[in-house]
Structure formats: structure tokens, C-alpha cells
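Let me begin by presenting the structure, written as C-alpha cells, before commenting on it.
The values are calculated or read from the model by the stated rules, or taken from the named source; none is laboratory data. The model shown is predicted, which means the values in this text are computed figures rather than measured ones. Positions of Cβ are generated from backbone atoms using ideal geometry, with glycine treated the same way; all protein chains shown enter the neighbour counts. We work out accessible area using only protein heavy atoms, side chains counted, and drop any ligands, DNA or RNA first. Shrake-Rupley method; radii C 1.70, N 1.55, O 1.52, S 1.80 Å.
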Amino acid sequence: VSGRGGGVLVTGATGFLGGLIAAALLRETRGPLVLPHRAERAPGELIERIARLAAADGFAAGAADLARLAPVPLPATDALEQLLPALAAHGVEEVVHAAACLDYFDRAALESANVDLTRALLDVARRRGIARFVYISTAFSAGYVEGAVGETLHGEPAQGDPTDYTRTKRRAEGLVAASGLPWLILRPSVVVGSSVDGRYDGKPYGIYQLWTAGERLLTDRPSAALHFVCPPGPAHTIHQDAFVAAFLAARRRLPAGSIVNLTSREAGLPSARALYDLAMARYFRPEVVYYYEHREDVPEEALDRRQRLFLEFTATNAEIAAHPWRFETPTLDRLRAEGLDFRDATLETLGGCLDRFVARSARIQAYLARFGPTLAAAPRAVDVPGRGRAARAPA
Ligand SMILES: NC(=O)c1ccc[n+]([C@@H]2O[C@H](COP(=O)([O-])OP(=O)(O)OC[C@H]3O[C@@H](n4cnc5c(N)ncnc54)[C@H](OP(=O)(O)O)[C@@H]3O)[C@@H](O)[C@H]2O)c1
């Protein structure tokens, strides 16, 4: 990608991954970075945030660097061509599309952010004649399929979709691939904080959803027993620094038309159960923890309200995690072999993210200060055998 001034348009820069991408491009490129943001967002705050993210990664952006950041109000989707003058003014020849709706249950917002906005942006990119369109998708865009998830475009999944999120992300991938533009699709699994110091400034998605639910619901008093739905498989996660490193390497090295699954090596990943054990042993410390494979197996009627709320709040992610996801990663393996430093998530590095989360949680700190001496030293874990879905289905 070179030629007309090397500007890059990054969508979603007010969000978690878009912010990290913009900060990384600030460090790694020299051209303007055009950052469309929704009207209610203040452009000054966006610039400050990108500067802060870059600084956290060791890059002190000077005035000349910050002058390359060009926040622009995002026009309505049906008037997105209003971006064209800004793209021309800043010599944009690449688009990195990281804006998306991740609200599993807001079907209309998923459709408009993930499908309609992507379609309109591709149209603008075509009119501009850009040299590459990078789409940030998700490892789960395959939906529920049997066997490993390959690095090809997915058809409709035989076993359906976990949510409309995965369906709309898959649809967007299809639009990108059919756009006629040179494209690259990156599919990260669940992105967690830094492998170095655990810092994270994303929303409470993925394992942060569990930790946030624990923080909000389980710290008002000590619990004798806690009950969690916890499938046995690996917790498919990647660290934010590994995501950024892979994004930069993919952008530098891969030919157009590449799809890259981005997840940590399965062998080193802890199970979701091991992650619960860690949080329970280090911080929540009930006397006993009961683990169930499926929600149907939990005796919910016997649980207190906060426990039921916890199960409700985390149910969809628990269900998604119960699917035996396996991801093929030939492209990531090749990038690693060529020198990419991609730090896999392990129990230890995820423990670092947990420690950082807890250190910054006023509620968990107050819980530990108040009840610490009375909490169990080492919670006992009990795996409750499942009665299984079939056995519970009505006759
Ligand atoms: N986080 C993960 O673990 C993860 C894992 C795999 C894939 N991904 C993918 O990575 C991308 C970024 O996710 P994220 O975690 O950074 O999410 P995020 O923090 O929620 O950020 C989403 C971004 O998209 C923007 N956005 C949402 N709806 C929009 C709309 N209708 N029109 C315009 N902009 C809209 C948001 O703008 P506002 O700030 O104005 O709301 C924000 O900038 C997404 O494509 C997601 O599918 C994320």
C-alpha cells in the first residue's frame, strides 16, 4: 500500500480494538489517520485517548504525531459518501474497519452497525479506489459448526448461530470479500488485556463480563457456596498486545484476500474452569464452589437472588463457551515462524489481567478489606455431574 500519501481511515477508534489499532498506526506509519466518530463523541477526547494508548505502549506522541490524527464526524450510513472529501484531503488509501455493534441482543443495531455500515463503507472505499480494506471480524463468525474453523469464508452454520452478532459479522465478511477491493480479514477470539501488565480499557466483554458480574453481585457479603456454569473446554483468548502485533504483521506481510484466525495456542490456554478456580482462590474465597456443565443442571430455585442474576447475566457467554470451538491458525503460525512475537494467553498471563482488574476494583478491595480474615483459605471445588440435555428434555 503506497502512493497517494498513505492516509488510513480507522473506524471504531473510540472503542477498544479500534483505539489500539489507531495508536499502533500512529507509531508505525507516517501518514494521516482519519478517525470517523459518532457525533456525540468529542474529537479532543478521542485524540487524548489515542495518545494515552500509544504512551501506554511506550510511544510518546509529539505534537507532529498528534497532528496526523484527524477525527471527523461519522455521517449517517445512507450519506456516508460525505466522507469522500476528507478521504481525498488526507490521501486515504487504506481502510481499517473496526467499528461494530457487540450487543448480542439488539438485532436492529447489529444489522445496521455490522451489515449496513460495512456495506456503505465498502461503497465509499470503492469510490475512493483504496488499496486495501482491512476488516476486523471475530473468530466466532463461523457460528456453530462441527470440526475446526478454517480460514475461509463461512457458509451458513449447520447448527445455527450463538447470536445475531456472529451472523451479522459473517455477513459482513461476505460483503468485504465480494467488494472487488483488495481485502484482509482478521478474526480475533476474545481479546483480553495486556500480557505484560494486564491493563485493559475495553468494555466488560468476555472474561471481563464474568469478573464484572462477580464484582457487582458477589462482593456484598461472603458466600458459603457459589455455583457456576462452566464448560470444560479452553477459554479462547488473546492478549491485546498480541492482537496489535498480529494486526501489524498481517498488514505488512499478507497478500490481499487473506483471512487470519487469531487465537492463542490451545495447548497453553486454561479452561474456563481453571480461570474460575483462580478468581475464587485468590479473591472471592467461598467455602465451596459448585461447577456445572450446563445451566439446566443448576438447582437455581435453591440459589439466592444475586447468584441467579450472575447466572442470568453470564448465560449466553457460558453457552457459547460450551461449544467445542477449534480454530485452525496456519497463517498465524506462519507469521510466528517469520518472527512475529505473539504472546499466547496462559493461566499465568490471564491471572495478571485478573490481578489488575481486582487492583482497580473499589468494590472487590472493600470486600477483601472487610471480610478478608473470615474468607475461606482454599475453596473446595465440586464438579456436579450433568444430567445432560437429552435426559432433561420433556418426553
Ligand atoms: N473485544 C473483543 O474481544 C473482540 C473479539 C473479537 C472481535 N472483535 C471485533 O473487534 C471490533 C471492535 O470491537 P471492540 O471490542 O473494540 O468494541 P467496542 O469497544 O464496543 O467498540 C466498538 C466501536 O464501534 C463503534 N460503533 C458501534 N456501533 C456503531 C454504529 N452503529 N455506527 C458507528 N460506529 C459504531 C463504537 O462507537 P461509540 O464509541 O460511539 O459507541 C466504537 O468505536 C468489532 O468489529 C468486534 O466485532 C472484538
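When Gly143 is tested against (1) closer than 30 Å to Arg326 by Cα; (2) within 13 Å of the ligand (Cβ to nearest atom), just one condition goes unmet, and that condition is (2). Comparison of Thr152, Thr138 shows that the only residue that is under 26 Å from Asp123 (Cα atoms) and within 12 Å of the ligand (Cβ to nearest atom) is Thr138.
Within the stretch 379-386, does at least one residue satisfy the condition of being part of a helix (DSSP H, G or I) and crowded, with 17+ Cβ neighbours inside 10 Å? No. Scanning the stretch 206-230 for residues that are open to solvent by 20 Å² or more (accessible area, probe 1.4 Å), in contact with a Ser or Thr (Cβ under 9 Å, 6 or more places away or on another chain) and farther than 17 Å from Ala321 by Cα yields Glu215, Pro222.
When the stretch 143-178 is limited to residues that are farther than 15 Å from Asn114 by Cα and open to solvent by less than 10 Å² (accessible area, probe 1.4 Å), the one that is farthest from the chain's Cα centre (by Cα) turns out to be Val149. Contact annotation: residue pairs with Cβ atoms under 7 Å, 6 or more positions apart or on different chains, pairing a residue in the stretch 71-100 that is within 16 Å of the ligand (Cβ to nearest atom) and open to solvent by 40 Å² or more (accessible area, probe 1.4 Å) with a partner that is assigned to a loop (DSSP other than H, G, I, E, B) and of a type outside the set (Gly, Ala, Ser), are Leu74/Arg38; Gln82/Pro75.
From the residues in the stretch 34-45 that are open to solvent by less than 50 Å² (accessible area, probe 1.4 Å) and more than 9 Å from the ligand (Cβ to nearest atom), which one is nearest to Leu20 (Cα to Cα)? It would help to see each step written out before you state the result.
We begin by selecting, within the stretch 34-45, every residue open to solvent by less than 50 Å² (accessible area, probe 1.4 Å); these are 34-37, 42, 44.
Next, from what is left, pick out any that are more than 9 Å from the ligand (Cβ to nearest atom): 34-35, 42, 44.
Values: Val34: 14, Leu35: 13, Ala42: 18, Gly44: 17 Å.
The extreme case among them is Leu35.
Taken over the stretch 184-208, the criterion of being under 20 Å from Thr14 (Cα atoms) and among the aliphatic types (A, V, I, L, M) is satisfied by Leu186, Val190, Val191, Val192.
In this structure, does Val260 turn out to be over 19 Å from the mean Cα position of the chain (by Cα) and open to solvent by less than 10 Å² (accessible area, probe 1.4 Å)?
When the stated conditions are applied, Val260 does not pass them.
Here the helices (runs of 4 or more DSSP H) wholly within the stretch 290-368 that include at least 3 residues being open to solvent by 60 Å² or more (accessible area, probe 1.4 Å) and within 20 Å of Val229 (Cα to Cα) are 305-313. Answer yes if at least one residue in the stretch 5-16 is within 7 Å of the ligand (Cβ to nearest atom), in a strand (DSSP E or B), at pLDDT 95 or above and β-branched (Val, Ile, Thr), and no otherwise. So far as the stretch 5-16 goes, yes, one or more of its residues are within 7 Å of the ligand (Cβ to nearest atom), in a strand (DSSP E or B), at pLDDT 95 or above and β-branched (Val, Ile, Thr).
Taken over the stretch 185-198, the residue count meeting the criterion of being away from the ligand (no atom under 14 Å from the Cβ) and either part of a strand (DSSP E or B) or open to solvent by 20 Å² or more (accessible area, probe 1.4 Å) (or both) is 3.
Only one residue in Glu156, Glu94, Glu146, Glu111 is in contact with a helix residue (DSSP H, G or I) (Cβ under 8 Å, 6 or more places away or on another chain) and of a type in the set (D, E, K, R). Which one? Explain how you work it out, then say what you get.
Values: Glu156 fails: in contact with a helix residue (DSSP H, G or I) (Cβ under 8 Å, 6 or more places away or on another chain); Glu94 fails: in contact with a helix residue (DSSP H, G or I) (Cβ under 8 Å, 6 or more places away or on another chain); Glu146 fails: in contact with a helix residue (DSSP H, G or I) (Cβ under 8 Å, 6 or more places away or on another chain).
Selected residue: Glu111, the only one of Glu156, Glu94, Glu146, Glu111 that is in contact with a helix residue (DSSP H, G or I) (Cβ under 8 Å, 6 or more places away or on another chain) and of a type in the set (D, E, K, R).
Note on the stretch 243-268: among residues that are out of contact with any Leu (no Cβ under 8 Å at 6 or more places or on another chain) and either part of a helix (DSSP H, G or I) or free of Cβ contacts under 8 Å to residues at least 12 places away in the same chain (or both), the one that is nearest to Trp325 (Cα to Cα) is Glu266.
Of Arg107, Arg126, Arg119, which residue is surrounded by fewer than 19 Cβ atoms within 10 Å (Cβ to Cβ), closer than 30 Å to Thr329 by Cβ and either of a type outside the set (Val, Ile, Thr) or more than 15 Å from the ligand (Cβ to nearest atom) (or both)? Please lay out each step first, then the result.
Numbers: Arg107 fails: closer than 30 Å to Thr329 by Cβ; Arg126 fails: closer than 30 Å to Thr329 by Cβ.
Step by step, each of Arg107, Arg126, Arg119 is checked, and only Arg119 is surrounded by fewer than 19 Cβ atoms within 10 Å (Cβ to Cβ), closer than 30 Å to Thr329 by Cβ and either of a type outside the set (Val, Ile, Thr) or more than 15 Å from the ligand (Cβ to nearest atom) (or both).
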